[in-house]
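Accompanying notes for the structure given below.
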């Protein structure tokens with residue numbers, strides 16, 4: 001093999017390595033972008049399912065078992081009683097368990113920021129997703145309630161909980177199966 005052929009062979013290999021590198025790099029970016037878009041669609045679908053469950057049960061006096069698919073990577077769904085968010089000045093430090101559970105949810109409630117439904121990756125991410133003034137997490141008056149929030153862990157890719165209509169809103173309960 002001549003020296004010229006050897007140099008040519010090196011350029012062929014370098015060209016192949018560059019082409020493969022670009023394909024891998026841009027392919028990874030495209031797949032990552034598609035997965036992000038899929039997560040966004042999943043979150044919107046989740047919010048629609050949740051609002052549907054509340055709308056269907058707000059006037060019913062019965063208790064309904066609800067299962068909504070967990071979007072993407074989220075492992076926990078938390079609700080903060082709307083009465084806390086709307087009147088946090090009267091709430092003060094009654095629900096210390098909320099503060100211990102999640103500082104972001106606690107801070108939003110204390111600062112009157114209207115978010116009361118959150119998706120969580122415990123210890124990593126807290127994402128506020130909506131506010132619904134019809135959500136209550138206890139039938140007791142807020143000042144006497146032990147907890148004014150409810151967190152539900154995903155099980156088999158779903159959040160399962162009970163919804164009890166009260167005419168102008170809903171009580172939410174953890175599914176204790």
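The values are calculated or read from the model by the stated rules, or taken from the named source; none is laboratory data. This is a predicted model, so every value here is computed, not measured. Reconstructed Cβ throughout: ideal geometry from the backbone, glycine too, with neighbour counts over all protein chains shown.
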task = Would you be able to tell me the number of residues in segment 124-165 that are in a loop (DSSP other than H, G, I, E, B), surrounded by 14 or more Cβ atoms within 10 Å (Cβ to Cβ), over 18 Å from the mean Cα position of the chain (by Cα) and at pLDDT below 85?
result = 4
note = Among 54, 17, the single one that is loosely packed, with under 11 Cβ neighbours inside 10 Å and modelled with pLDDT of 85 or more is 17
request  = Look through 77, 50 and report the one residue that is within 19 Å of residue 174 (Cβ to Cβ), touching a residue at least 12 places away in the same chain (Cβ under 8 Å) and part of a helix (DSSP H, G or I).
outcome  = 50
